[in-house]
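Worksheet for the structure shown next.
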């Protein structure tokens, strides 16, 4: 009897194993078909074939639904220890796929009317007229599509909730394909996409207004030279006025910033940092007005001065661009032209830099004998040529242009500031406004100002290391190390004044390190003046000054306490300074070394302790 019972148990066990194997094969068949169709959808999107993408997305969603049904009989086994975890996880993964594909389905339907405007294959509803007119019509209709973003956002939230329930530690990275890492990547991707959709909705709603759909708008375009770094991205070298009427953009002219400074009707005393670190300057010029690392605060100072010039015009906002944005657009559109000359990204040995950088430095380097003449409007002419090339380019180029503009906004090579409160709120929410954010965890923003150091930022290399440890009463103690390397040989700037450019000079760096309010400095080394602590923009600021000679190195080390509790999880927001090349960051948080990364844009780090 006992033997028979054992045999029955064995038979039942073997039957269950056979059932699971057959069921897994059956389920895997449908899952494989669904994954294969999803891959086809991705390939169609990459080929910019919207109709095919829509078909494959719909088919993939339906196939995942079939897989979902085939997995239903496994639901009771979710209570079995260990085995039940994986049953639950595969069901959650399938559910997340269905919700993600539902969001993709709604998104493809939402953008179908704009297929032509976006440069996608398929019949859009804006095929007639010039490229600018089609874009204007697309912008006008775009706000009507914003309600669909609510449905997309809800689907993404459901997908995010399912994926977040899957514990990546159950899938160790010694397994083929590193499944744990892929699960964590999927969680982060869904978090970012869902946040982008939610945050983008206010911008989509006000975009027609920004593009002058109801009434003409005028914007001041500032060109910031990121090779001479200033708090909001670079030294302001030139400006242009553009008007936008129903999506049609035209230049009203541009000029050199020194010309604008020459029209100031009154003088304002220079603030303390300029008096201390910018030799021979005793009044505040418009070109030096971007002293706050917060773009909105700096632009308020800019506008106060601008209102007191004879060249002032009523403007609806300020858009700042830098040399990196211009180079990136040349890489997409090809060479730009101004005053009969081509501007390219071809490397020049004379400056170890792209040709357009050299030419723009020739224009911007005011103290040289270079005769700007009628080239003082070069920025407006370049911008107009950029727009002309965009609108006359094959529509297959448009997605690349749009992608580059969005990337430039995310990387802070373009900054936006608007007079209209709703528009300003919208660009702040999506982090296109260059604001220093409030954050409820640890925070770091390193802001540097090149005060009369030629164009040193063209050559200086920089690495930032952070070591984070537990302090007393669960607070944290941090050590931040900033390493500088200046590999370029120094230019003979006295001779260059007569014959060429002074690019590599002594770097005079006013540095401010923004950390959580209430942080206390323990010790600091590496600066030429003693580092002081103060408060600005609801943060504690450690401030100092250093110089670096060409072919030299420097190192700043700070140790300070941060008044936040860890509670099992450490969160850090690092905000990038606009105009900086992607400096390398290395982080050791509580003994856990994070993989080093280039700071391309603002970055949040979460570490479980």
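The values are calculated or read from the model by the stated rules, or taken from the named source; none is laboratory data. From a predicted model like this one, the values you see are computed outputs, not experimental measurements. Note: ideal-geometry Cβ built from the backbone for every residue, glycine included; neighbour counts use all protein chains shown.
Observations on the structure shown:
- Unmet criterion (only one of (1) over 30 Å from residue 303 (Cβ atoms); (2) touching a strand residue (DSSP E or B) at 6+ places or on another chain (Cβ under 8 Å); (3) in contact (Cβ under 8 Å) with a residue 60 or more places away in the chain) for residue 439: (1)
- Only listed residue being closer than 19 Å to residue 224 by Cβ, crowded, with 21+ Cβ neighbours inside 10 Å and not assigned by TED's automatic domain parsing to the domain that holds residue 450, chosen from 281, 297, 326: 326
- Residue within segment 520-529 that is outside the structural domain of residue 295 (by TED's automatic domain parsing), within 17 Å of residue 441 (Cα to Cα) and assigned to a strand (DSSP E or B) present: yes
- Yes/no for residue 571 being touching a strand residue (DSSP E or B) at 6+ places or on another chain (Cβ under 8 Å) and surrounded by fewer than 18 Cβ atoms within 10 Å (Cβ to Cβ): yes
- Residue within segment 52-61 that is under 24 Å from residue 394 (Cβ atoms), part of a helix (DSSP H, G or I), at pLDDT 80 or above and more than 30 Å from the chain's Cα centre (by Cα) present: yes
- Any hit, segment 445-452, residues being surrounded by fewer than 20 Cβ atoms within 10 Å (Cβ to Cβ), over 21 Å from residue 480 (Cα atoms) and either in contact (Cβ under 8 Å) with a residue 60 or more places away in the chain or out of contact with any helix residue (DSSP H, G or I) (no Cβ under 8 Å at 6 or more places or on another chain) (or both): yes
- Qualifying positions in segment 472-487 - over 23 Å from residue 446 (Cα atoms) and either touching a residue at least 24 places away in the same chain (Cβ under 8 Å) or surrounded by 16 or more Cβ atoms within 10 Å (Cβ to Cβ) (or both): 474
- Which listed residue is surrounded by fewer than 16 Cβ atoms within 10 Å (Cβ to Cβ) and in a strand (DSSP E or B), from 535, 543, 551, 467: 535
- Scan of segment 581-609 for residues that are buried (at least 19 other Cβ atoms within 10 Å of the Cβ) and either within 12 Å of the chain's Cα centre (by Cα) or without any contact (Cβ under 8 Å) to a residue 24 or more places away in the chain (or both), ordered by number: 599
- So residue 292, is it farther than 26 Å from residue 428 by Cβ and not assigned by TED's automatic domain parsing to the domain that holds residue 506: no
- Selection from segment 140-171 of residues that are part of a loop (DSSP other than H, G, I, E, B) and at pLDDT 80 or above: 165, 166, 167
- Residues that are modelled with pLDDT of 95 or more and in a helix (DSSP H, G or I), drawn from segment 410-421: 421
Every residue, every condition in (1) at pLDDT 80 or above; (2) surrounded by fewer than 16 Cβ atoms within 10 Å (Cβ to Cβ), yes or no:
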{"residue": "3", "(1), (2)": "no, yes"}
{"residue": "25", "(1), (2)": "no, yes"}
{"residue": "47", "(1), (2)": "no, yes"}
{"residue": "64", "(1), (2)": "yes, no"}
{"residue": "85", "(1), (2)": "yes, yes"}
{"residue": "89", "(1), (2)": "yes, no"}
{"residue": "110", "(1), (2)": "no, no"}
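Yes/no per residue for (1) under 18 Å from residue 433 (Cβ atoms); (2) out of contact with any strand residue (DSSP E or B) (no Cβ under 8 Å at 6 or more places or on another chain); (3) without any contact (Cβ under 8 Å) to a residue 40 or more places away in the chain:
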{"position": "180", "(1), (2), (3)": "no, yes, yes"}
{"position": "195", "(1), (2), (3)": "yes, yes, yes"}
{"position": "202", "(1), (2), (3)": "yes, yes, no"}
{"position": "210", "(1), (2), (3)": "yes, no, no"}
{"position": "218", "(1), (2), (3)": "no, no, no"}
{"position": "232", "(1), (2), (3)": "yes, no, no"}
{"position": "238", "(1), (2), (3)": "no, no, no"}
{"position": "242", "(1), (2), (3)": "no, no, no"}
{"position": "249", "(1), (2), (3)": "no, no, no"}
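- Taking the numbered list (1) under 25 Å from residue 409 (Cβ atoms); (2) touching a helix residue (DSSP H, G or I) at 6+ places or on another chain (Cβ under 6 Å); (3) modelled with pLDDT of 95 or more in turn, residue 246 passes all entries but (3).
- Counting the residues of segment 332-350 that are at pLDDT 90 or above and in contact with a helix residue (DSSP H, G or I) (Cβ under 8 Å, 6 or more places away or on another chain) gives 11.
- Any hit, segment 488-502, residues being crowded, with 16+ Cβ neighbours inside 10 Å, under 28 Å from residue 595 (Cβ atoms) and in contact with a helix residue (DSSP H, G or I) (Cβ under 8 Å, 6 or more places away or on another chain): no
- Of all the numbered requirements in (1) surrounded by 20 or more Cβ atoms within 10 Å (Cβ to Cβ); (2) closer than 23 Å to residue 578 by Cβ, residue 199 misses one, and that requirement is (1).
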